[in-house]
Every structure is written in structure tokens, then in C-alpha cells.
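For reference, the structure is listed below as C-alpha cells.
The values are calculated or read from the model by the stated rules, or taken from the named source; none is laboratory data. In this text, all values refer to a predicted model and were calculated from it rather than measured experimentally. Here the Cβ positions follow ideal geometry from the backbone for every residue, glycine too, while neighbour counts run over all protein chains shown. Surface areas here come from the heavy atoms of the whole protein model, side chains and all, with no ligands, DNA or RNA. Shrake-Rupley method; radii C 1.70, N 1.55, O 1.52, S 1.80 Å.
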Amino acid sequence: DPVPPLQVIRPEPCHVCGSRIRFGKTAIKCCLCQLLLHTKCREQCPSLCTPRPHHHAWPREGVLADFAPSTPPLVPTLVVQCVTEVEARGLTETGLYRVPGAEQLVREWKRKLLRAGGALPALSSVADIHVVCGVLKDFLRGLKEPLGEGIASPLTVLPGTATDIPDDAASDTALRHVVSKLPPANRDTLAFLMLHLLRVSHSPDCKMDVFNLSRVFGPTLVGHSSANPTPLAIMEDTPRQCKVVARLLSLPPDFWRGFVETEQENLVPV
């Protein structure tokens with residue numbers, strides 16, 4: 001009982017020939033038993049199958065590790081697929097991540113992706129790339145804890161706070177240390193996202209430099225100074241959050257690649 005061909009996000013073995021179905025290749029999955037196979041192996045597939053439970057949907061909210069794969073790099077499939085789609089057709093769009101997508105479509109697609117769990121439908125059918133950007137931002141905002149939770153706090157003990165650290169070797173070393181101590185899923189996903197945002201910042205058509213991107217992602221990625229911030233604290237935290245993200249984006253790409261290029265199976269090939 002096959003469904004239309006789907007695109008493979010994580011390499012898995014074909015249940016007919018046993019060879020691996022690589023990232024980005026098309027495959028067929030049985031609706032009843034969830035058997036995965038190459039499209040060319042469809043004729044050799046047994047006609048009878050045993051129903052298995054459907055893929056478990058992701059929670060509506062959770063910490064990042066709840067959405068991450070079991071093998072490194074620990075970057076949720078939803079993040080990988082959104083970034084892949086944005087880089088495939090969004091790097092010529094002005095105001096990427098700043099221009100909002102239609103709110104209703106963002107909500108619908110986020111709900112659809114969370115319900116799908118790891119077996120995500122293709123985002124190529126989403127006509128407006130700003131909707132894909134909105135899904136990614138909304139997913140990150142909806143986490144129980146910000147992706148970079150606590151990343152700014154240890155930096156405030158340095159001479160000058162995280163928002164005012166001069167660009168010198170000591171502050172870079174401190175920042176690298178704080179990033180490396182994040183929970184593994186947070187660290188890998190932050191690295192994957194930073195590399196993506198750097199590519200966006202280098203696209204002249206997007207007109208989204210590091211300053212603009214840090215304004216968009218600062219409040220989403222960096223936690224507040226207290227567990228239950230007052231409106232005044234939120235207002236005071238915003239410039240600090242933006243400057244922390246700008247500092248993260250100032251770190252060399254090779255630093256970030258060290259976390260996500262050790263094992264590429266869960267990610268888009270570089």
C-alpha cells in the first residue's frame with residue numbers, strides 16, 4: 001500500500017535490496033507497515049505486510065533534544081529541512097527572515113511538520129519562502145527553553161558584559177567555551193543555524209547583514225536575564241540578546257563547522 005514517493009532526509013536501508021537510500025533521494029514508504037524501499041525495488045516488494053505503529057509525532061512543545069535525532073549532529077529534521085529549502089530558493093529574496101510569512105500558513109505548516117515527526121512532507125509546495133522562514137522562527141520560539149539558554153550569563157562576569165565585550169582573543173575564547181558547554185543538541189543546532197545565517201548575511205540580494213539578522217534572532221535564540229521577566233526587563237534584555245547573537249556570528253565559520261561536519265548523515269551535504 002505505497003504512498004507517493006517521498007524525499008529521504010535521513011539515510012536508511014532499503015528493506016528489499018539492503019543498500020542505503022541516500023540523503024535527498026526519492027523512496028517509497030508503505031502506509032501500513034512503514035516499509036521503506038527504493039522506487040526501483042518496488043516490483044520486488046512482498047505483496048503482504050504487517051501493519052506497524054505510525055511514526056510518533058513530535059510534541060507540540062519541548063526542549064530541543066526532544067526533536068533531535070539519535071545520532072550526531074543532533075539537529076532536528078525540521079530545522080534541516082527548513083534551512084535546506086531556504087538555501088535552495090531563498091537567498092535571492094530581500095528581507096529574508098525579516099519579512100513575515102502569512103501567519104495562518106506558518107501555523108498550518110508548523111502543525112503539519114510536528115504531526116509528521118521525522119517523516120516530513122516536502123516544503124517545495126510552499127510557494128512563499130517567507131512562510132518557511134516563519135515556520136523555522138516559530139519552531140525556535142516555541143521551545144520550552146531558548147536554543148542558546150544561558151549562553152549570555154557566564155559572559156557577564158567578564159570585564160564588560162556579553163553585549164559590550166571587545167573583539168579580542170580573550171572574549172572569543174570565553175564565547176567558544178560557553179558554546180561548547182551547551183547541551184549537545186542545542187550546540188549542534190546553534191552551529192548549523194549560525195552557518196546558515198552567515199550564508200544569508202553574505203547574500204547581497206537578501207540585504208540582511210549580521211546586524212539585521214541579530215535583531216531578528218536575538219530574542220528567539222538568547223534567554224532572558226530572569227526566569228519570569230517583567231515587561232521592563234524584556235525591553236532591557238533585547239539589545240543584549242541582539243549583541244550576543246552578533247558576537248556569535250562573528251566567530252569564524254570553521255568553529256561552527258567543527259560541531260556539525262564530524263558526521264554529515266543528518267544534514268545537507270556541504
> In segment 223-254, how many residues are of a type in the set (A, V, I, L, M) and more than 25 Å from T94 (Cα to Cα)?
Replying inline: 5
> For T84, which of the numbered conditions (1) at pLDDT 90 or above; (2) open to solvent by 10 Å² or more (accessible area, probe 1.4 Å); (3) of a type outside the set (D, E); (4) under 27 Å from S226 (Cβ atoms) fails to hold?
Replying inline: (4)
>> Let me spell it out: the conditions are (1) surrounded by 12 or more Cβ atoms within 10 Å (Cβ to Cβ); (2) at pLDDT 65 or above, and H55 meets all of them except one. Which number is the exception?
In response: (2)
> Does segment 27-41 contain at least one residue that is touching a Leu at 6+ places or on another chain (Cβ under 9 Å), modelled with pLDDT under 65 and exposed (fewer than 13 other Cβ atoms within 10 Å of the Cβ)?
Replying inline: no
> What single numbered condition from (1) modelled with pLDDT under 90; (2) open to solvent by less than 30 Å² (accessible area, probe 1.4 Å); (3) of a type outside the set (G, A, S); (4) part of a loop (DSSP other than H, G, I, E, B) fails to hold for L175?
Replying inline: (4)
> Among all residue pairs at least 6 apart or on different chains, which show Cβ distances below 7 Å where the first residue, located in segment 74-91, is closer than 16 Å to L120 by Cβ and the second is acidic (D, E)?
Replying inline: V75/D188
> Scanning for something over 16 Å from I151 (Cβ atoms), part of a helix (DSSP H, G or I), within 16 Å of the chain's Cα centre (by Cα) and at pLDDT 95 or above, does segment 216-236 turn up at least one residue?
Replying inline: yes
>> When you check R215 against the structure, is it open to solvent by 20 Å² or more (accessible area, probe 1.4 Å) and in contact with an Asp or Glu (Cβ under 9 Å, 6 or more places away or on another chain), yes or no?
In response: no
>> With the structure loaded, tell me whether D188 is part of a helix (DSSP H, G or I) and either buried (at least 19 other Cβ atoms within 10 Å of the Cβ) or β-branched (V, I, T) (or both) or whether it fails that test.
In response: yes
